[in-house]
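To start, the structure under review is shown below, and the notes come after it.
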Amino acid sequence: MVAPFTFQAHIPRTIFGSGTLAKVPEEVNRLGAKRVMIVTENTDRQIDLANKISASLGDLVAGVCLDAVMHTPEEVTLKALEQAKSLNADCYISLGGGSTVGLGKALTIRTGVPHITIPTTYAGSEATPILGETVNNLKTTRSDPKILPTTIIYDVDLTLSLPAQLTFTSGINAIAHCVEALYSPQINPIIEGVALSGISNMYKALLTLKDSPNDIDARSQALSGAWAAGVCLGHVGMAIHHKLCHTLGGSFGLPHAQVHTVVLPHAMAYNFNAAHAAMEKIRVAIGSDIDAPQAFWQLEKTLGTVISLKELGMKEEDLPKAADIASTAQYPNPAPLEREKLLLLLENAYAGRPPV
Ligand code: NAD
């Protein structure tokens with residue numbers, strides 16, 4: 001029997017394809033915008049792309065903000081806000097990974113100005129009404145439909161430059177959103193289908209990209225998996241995996257996509273018995289003969305990703321504190337949250353041992 005559910009879809013207008021950067025002027029005109037502020041990072045690559053967009057928009061560009069950094073610090077947002085006000089911006093175009101998308105969202109929630117986002121990683125933030133912001137070194141997260149970008153433009157070509165390890169860890173970050181959606185209490189048949197297609201597409205794409213990083217079909221498959229992942233994250237609640245990653249990233253400063261990569265097989269093993277039906281669907285979706293947590297562990301070994309918190313700079317003496325934080329917060333999770341078991345999970349993840 002299908003479990004009862006309540007569902008309200010919130011998905012931005014989405015343009016997907018190769019060469020879709022050329023559609024930016026059309027989308028800006030559709031919004032009637034006349035004073036666009038482009039928001040991106042201060043790197044040569046992003047500046048080149050911002051210049052390309054500026055050239056295509058001509059007089060419609062009022063200015064470019066190059067301040068996007070990790071974790072959306074409030075002071076950076078306030079500075080960008082000043083710039084947006086002085087430019088009288090009536091549309092933001094964010095161009096980059098989850099960090100840049102976050103700055104675009106932080107501006108929109110403060111001004112109500114529409115936001116076109118052009119994601120260049122697989123983080124999935126572009127499809128969610130969620131915003132994480134850092135104030136006084138503390139990262140807090142809020143959700144509001146007004147945070148959701150107006151339009152997403154996915155251009156597969158922009159992902160060709162993702163280095164191999166960023167491709168893999170960002171892709172596994174996306175898979176994690178789909179995995180936890182499958183055992184969320186808010187799951188429904190639509191999100192289940194989206195989650196399974198996201199897992200299957202990303203899993204297959206990463207294996208192809210290992211040997212052929214410029215395979216445009218695999219890049220396209222991976223980016224569609226990222227969209228699916230963002231849609232999952234934006235519609236149903238997440239569980240232990242995301243809580244642990246939020247703790248390890250927020251309180252111990254570990255890098256986002258890499259932490260997701262290290263933790264995922266362990267979090268899945270933690271929930272394996274309690275969420276057995278979901279784990280079986282995942283196993284079938286990726287066509288594996290072995291259990292889903294072990295299959296992802298094997299995937300990471302094959303891709304040569306990071307597999308230990310130690311490699312990411314975690315201190316062993318901080319593991320009990322991380323277990324305390326993750327076990328005290330109350331949130332739905334298939335398996336009960338037991339501090340000693342969470343500590344064991346963290347110790348295994350720290351040492352790079354296989355998931356148990
Ligand atoms: P990121 O945006 O910090 O980018 C990581 C690195 O990749 C940067 O150095 C960037 O310059 C580089 N990069 C980006 N695109 C590239 C490309 N195409 N080619 C080469 N290099 C490229 O990291 P991320 O993992 O994309 O995002 C992480 C952030 O997003 C975290 O702060 C996380 O909390 C947030 N996030 C938020 C949500 C949400 O729903 N609110 C969802 C997922 C992630």
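Here are a few things to note about the model shown:
- Extending 7 Å from the Cα toward the beta-carbon at both Val135 and Asn88 defines two label points whose distance is 3.1 nm.
- For the chain, the longest principal axis of the C-alpha atoms and the axis of helix 240-250 are separated by about 60°.
- The chain, accessible surface, carbon-and-sulfur percent (1.4 angstrom probe): 53 percent
- Relative contact order for the stretch 20-159: 24 percent, from Cα pairs under 8 Å spaced at least 6 residues apart, divided by residue count.
- Net length gained if the chain between Gln298 and Arg35 were fully extended (0.36 nm per residue, minus Cα distance): 89.8 nm
- Bridge type composition, the stretch 13-159 - antiparallel percent by DSSP, nearest 5: 20 percent
- Distance from the stretch 82-157 to the stretch 322-355 (C-alpha centre basis), Å: 31 Å
- The stretch between Lys210 and Asp318, if pulled fully straight at 0.36 nm per residue, gains 35.5 nm over its current Cα-Cα span.
- The Cα atoms of the stretch 164-351 give a gyration tensor whose axes a ≥ b ≥ c have a/c of 1.5 or more with a/b no greater than b/c, which makes the shape oblate.
- Amide proton proximity set for Cys65, modelled H, under 5 Å, gap of 5+: Ile38, Val39, Thr40
- Burial order of peptide ranges 247-254, 300-307, 264-271 (average beta-carbon count within 10 Å, highest first): 264-271, 247-254, 300-307
- P(r) tail fraction, the chain - alpha-carbon pairs more than 32 Å apart, %: 28 percent
- Once backbone amide H atoms are built at 1.01 Å from N, Gly96 has Ile118, Thr120 as its partners under 5 Å, excluding neighbours fewer than 5 places away on the same chain.
- Around Phe168: net Lys/Arg minus Asp/Glu count, Cβ-Cβ under 9 Å: 0
- The residues of the stretch 164-351 expose, per residue, 37 Å² of accessible area to a 1.4 Å probe.
- Bridging of Lys341 to lysines at a Cα separation below 29 Å is possible for Lys139, Lys243, Lys281, Lys301, Lys310, Lys315, Lys321, once same-chain residues fewer than 8 apart are set aside.
- Using θ = phi - 60° in the Karplus curve 6.51 cos²θ - 1.76 cosθ + 1.60, the 3J(HN,Hα) couplings for the stretch 188-196 round to 9, x, 5, 5, 4, x, 4, 5, 5 Hz; x is entered for Gly and Pro.
- If both residues of a DSSP beta bridge must be in the chain, then about 20% of such bridges are antiparallel.
- Karplus-derived 3J(HN,Hα), 6.51/-1.76/1.60, for each residue of the stretch 73-79, Hz, glycine and proline x: x, 4, 5, 5, 4, 5, 5
- Local net charge near Val61, Cβ-Cβ under 12 Å (Lys/Arg +1, Asp/Glu -1): +1
- Charged neighbours of Val356, selected by a Cβ distance under 13 Å, balance to 0 (K, R count +1; D, E count -1).
- Pairs of Cα atoms nearer than 8 Å and 6+ residues apart set the relative contact order; for the stretch 112-241 it is 32 percent.
- Phi-derived couplings, Karplus 6.51 cos²θ - 1.76 cosθ + 1.60 at θ = phi - 60°, listed residue by residue for the stretch 136-141: 6, 6, 10, 8, 10, 10 Hz, with x used for Gly and Pro.
- The protection proxy used here, the mean number of other Cβ atoms lying within 10 Å of each residue, ranks peptides 174-182, 343-351, 272-280 as follows, highest first: 174-182, 343-351, 272-280.
- Extending 7 Å from Cα along the Cβ direction at Ala329 and again at Ser288 yields two label points whose distance is 2.5 nm.
- Relative to the longest principal axis of the Cα atoms of the chain, helix 276-285 runs at roughly 60 degrees.
- A simple packing score, the average count of other Cβ atoms within 10 Å per residue, orders the peptides 36-48, 7-19 as 36-48, 7-19, with the highest score first.
- Projected label distance in nm at Asp44 and Asp217, using a 7 Å step from Cα toward the beta-carbon: 3.3 nm
- Stokes-Einstein diffusion for the stretch 13-159, with the hydrodynamic radius set to the Kirkwood value over Cα pairs and evaluated at 4 °C in a medium of 1.567 mPa s, equals 87 µm²/s.
- For the chain, the relative contact order comes to 14 percent (Cα pairs under 8 Å, sequence separation of at least 6).
- Fully extended contour minus Cα-Cα distance, from Asp144 to Gln8, at 0.36 nm per residue: 47.6 nm
The values are calculated or read from the model by the stated rules, or taken from the named source; none is laboratory data. Everything quoted here is computed from the prediction, not taken from an experiment. Don't worry about glycine lacking a Cβ; one is built from the backbone with ideal geometry, like all the others, and counts go over all protein chains shown. Ligands, DNA and RNA are excluded from the accessible area calculation, which covers all protein heavy atoms including side chains. Shrake-Rupley method; radii C 1.70, N 1.55, O 1.52, S 1.80 Å.
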